[in-house]
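J.: Before I ask anything, let me first share the structure, which is written out below as structure tokens.
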Amino acid sequence: MLRVVVLGAAAGGGVPQWNCGCPVCRAARGEHPRLRSTQTSIAVSADGDHWFLVNASPDLRQQVLATPQLHPREGLLRHSPIAGVVLTNGEVDAVAGLLSMREGSPFTIYGHAKVLAILKANSIFDVLSETNVKRQPIEVDRAFEPKLPDGTPSGIEILPFAVPGKAAWYLRETAHPKGRDSEGDTLGLRIRDKATDKHFYFVAACAHVTDELTARLAGTPLLFFDGTVWRDDELIANGLSTKTGQSMGHIAMSEKGGAIESLAGLDIDRKLFLHINNSNPALMCGSREREIAERAGWQIPADGTEIVL
Ligand code: MLT
Ligand code: MN
Ligand code: ZN
């Protein structure tokens, strides 16, 4: 059995974002507290006792507090059910939560060599001593089975694959001055329970949908996909920022070639958007955009949503 908990569904900044007065953030602070959402991460377990996080969001502390499955086991003085963290990119909202995991419990960080190099180059991550916290490189198109802290296999197979994306935003001037992407910047994951062969896909950052990606995702029972913006220029159009979705490596939900259109008709049982920016009008219950997304079979999960496969 594969258990998945959506720890957070929001993009960088969360909902509401600390400095944002957009309609969604105002509603989340005021009359619609249910709109509140923490930054994207999921937790996955095959045995219900040991959990792997996909990305460690800056809201990790709050997410662990809200998720009983991730609390220390009764009777133990120091313990965490979190056995590892799989990083799919080096963005602040994917790695900053690692800094909240610095109290000496053993776990493993799995990341592409590129992302591990970012951690290595930033000495603040040295708070995670390598005696307790191993860093394990993962490669595109090479499946691996994360281990439990005692070295036994987890029963979960993870296949990382390349998806179109961008280097972390804060590296845009140095890593890829022309904004090009390259291997390792953005990973998608297929996560499979070895015992039951059940699987799902996590693709919470993706700049566009290629034929290769649709072929891969067709027929899957469960997909988490990039839901950052409704339309590519929405941050600019709303006067919030100068960033387009594409400049950050994110496809739009709507528009020609957007996620809703590109992933239609693929016989995917359950489709959920993750990494949803607070500017995205599909967050608003009852909005026209929400209706269009739902009619196309998409869900916008609340934090804490649990799915069993
Ligand atoms: C992203 O996902 O593209 C980043 O969170 C962008 C950013 O840090 O502004
Ligand atoms: Mn982000
Ligand atoms: Zn906002």
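The values are calculated or read from the model by the stated rules, or taken from the named source; none is laboratory data. Quick caveat, the model's predicted, so the values are computed rather than measured. FYI the Cβ positions are ideal-geometry reconstructions off the backbone, even for glycines, and counts take in every protein chain you see. Accessible surface areas use protein heavy atoms only, side chains included; no ligands, DNA or RNA. Shrake-Rupley method; radii C 1.70, N 1.55, O 1.52, S 1.80 Å.
J.: Taking the Cα centre of region 109-161 as the origin, how large is its charge dipole in debye, to the nearest 20, when only Lys and Arg (+1) and Asp and Glu (-1) carry charge on their Cβ atoms?
T.: 160 debye
J.: Then there's this: At a Förster radius of 22 Å, what calculated FRET efficiency corresponds to the Cβ-Cβ distance of GLN246 and GLU294, to the nearest 0.05?
T.: 0.35
J.: Calculated from DSSP H runs of 4 or more alone, at -39500 (n - 2.57) each and per residue, what is the 222 nm mean residue ellipticity of the chain, nearest 500?
T.: Using -39500 (n - 2.57) per qualifying helix, the result is -3500 deg cm²/dmol.
J.: If the only charges are +1 at each Lys and Arg Cβ and -1 at each Asp and Glu Cβ, what is the size of the charge dipole of region 158-297 around the Cα centre, to the nearest 20 debye?
T.: Its charge dipole is roughly 200 debye.
J.: Then there's this: For the chain, with every protein chain kept in place, what is the accessible area per residue (1.4 Å probe, Å²)?
T.: Dividing the accessible area of the chain by its residue count gives 45 Å².
J.: What is the local net charge at ARG216, summed over the other residues whose Cβ is closer than 14 Å to its Cβ (Lys, Arg +1; Asp, Glu -1)?
T.: Spelling it out: positives minus negatives among the neighbours equals -2.
J.: FRET efficiency for ARG36 and GLU306, Cβ-Cβ distance as r, R0 = 22 Å, nearest 0.05?
T.: My answer for the efficiency is 0.75.
J.: Within the accessible area of the chain, what % is carbon and sulfur when the probe is 1.4 Å and the other protein chains stay in place?
T.: 51 percent
J.: Same structure again: LYS147: which aspartates and glutamates have alpha carbons under 12 Å from its alpha carbon, excluding same-chain residues fewer than 8 sequence positions away?
T.: Once the sequence-local aspartates and glutamates are set aside, what remains near LYS147 is GLU157.
J.: Right, something else. Per-residue counts of other Cβ atoms within 10 Å, averaged by peptide: what ranking do you get for 235-243, 268-276, highest first?
T.: Output ranking for 235-243, 268-276: 268-276, 235-243.
J.: Round to the nearest 10 and report in Å² the accessible area of LEU171, as given by a 1.4 Å probe over the protein chains' heavy atoms.
T.: We get 50 Å² for LEU171.
J.: Per residue, what volume in Å³ does the Cα convex hull of the chain take up?
T.: Roughly 130 Å³ of hull volume per residue.
J.: By the gyration tensor of its Cα atoms, with a ≥ b ≥ c the square roots of the eigenvalues, what is the shape of region 175-309: rounded for a/c under 1.5, prolate for a/b over b/c, or oblate?
T.: Note, shape of region 175-309 comes out oblate.
J.: Label-point separation (nm) for MET1 and LYS134, each offset 7 Å from Cα along Cα-to-Cβ?
T.: A separation of 2.8 nm, rounded to one decimal place.
J.: Considering only DSSP states other than H, G, I, E and B, which GluC sites (Glu not before Pro) in region 1-100 qualify as loop sites with at most 15 other Cβ atoms within 10 Å?
T.: Of the GluC sites (Glu not before Pro), the ones in loops of region 1-100 whose Cβ has at most 15 other Cβ atoms within 10 Å are GLU31, GLU74.
J.: Then there is this: Hey, with R₀ at 35 Å, roughly what FRET efficiency would ALA215 and ASP150 work out to, going by the Cβ-Cβ distance, to 0.05?
T.: Step by step, r from the Cβ atoms, then E = 0.35.
J.: With just the Cα atoms of region 43-158, tell me how far they stretch along each of the three principal axes, in Å, largest first.
T.: Largest to smallest, the principal-axis extents are 38, 29, 25 Å.
J.: Calculate log10 I(q)/I(0) of region 119-195 for q = 0.16, 0.19, 0.21, 0.25 Å⁻¹, where I(q) comes from the Debye formula with a single equal point scatterer on each Cα and nothing for solvent.
T.: The Debye formula, applied to the Cα set alone, gives -0.81, -1.00, -1.07, -1.13.
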